[in-house]
Amino acid sequence: MDTQPPIVLNEADHRFEFTIDGHMAYEVFERFPGGIAYEHTIVPEALEGRGVGSRLVRHILDDAAANGLKVRPDCPFVKAYIDRHPEYQANSLAHGAQPG
């Protein structure tokens, strides 16, 4: 059973976010025609080393794929995650995917 809080899309602030133990982690994004650019991953120091960033990035990449969006990984953390996980590379503009 997953006891982690849900990751929420906050479209008004252009970010995916979730709160653990009173600390908010989030991913800043911008949309473009046919895709989404992930710009910055924020994980508070209190949450570091707990897999929070990886969980957040996995969620946003799955969300992009489910919505048919190409991914532009402007954030180095997101790009590194995609580099380590081949299942996300086909959807990444950094790995040769073409914009929709």
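Every read-out reported here was derived from the displayed coordinates using simple, explicitly stated rules and does not represent laboratory data. None of these values were measured; they are calculated from a predicted model. Cβ atoms come from the backbone with ideal geometry, glycine included; neighbour counts cover every protein chain shown.
Structure above, values below:
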| read-out | value |
| --- | --- |
| Residue order, fewest to most surrounding Cβ atoms within 10 angstrom, among Val57, Val78, Val8 | Val8, Val57, Val78 |
| Gained length - Ala66 relative to Arg31, 0.36 nm times residue gap less alpha-carbon distance | 11.1 nm |
| Most fluctuating residue given options Ala46, Ala64, Ala12, as computed from a GNM of the chain linking Cα atoms under 10 Å | Ala12 |
| Within a Gaussian network of the chain (alpha carbon springs, distance under 10 Å), most fluctuating of Phe18, Phe77, Phe32 | Phe32 |
| Chain lengthening between Arg50 and Leu9 when straightened (0.36 nm per residue, less Cα-Cα) | 12.6 nm |
| Contact order normalised by residue count of the chain, Cα under 8 Å, 6+ apart, percent | 22 |
| Gain in span if fully extended, His40 to Arg58, counting 0.36 nm per residue against the direct Cα distance | 5.1 nm |
| Net charge dipole size for the chain [Lys, Arg +1 and Asp, Glu -1 on Cβ; Debye, nearest 20] | 320 |
| Degrees, to the nearest 10: 52-66 long Cα axis against longest axis of the chain | 40 |
| Computed log₁₀ I(q)/I(0) - Debye formula, equal Cα scatterers, no solvent, the range 8-95, q 0.25, 0.26 Å⁻¹ | -1.32, -1.41 |
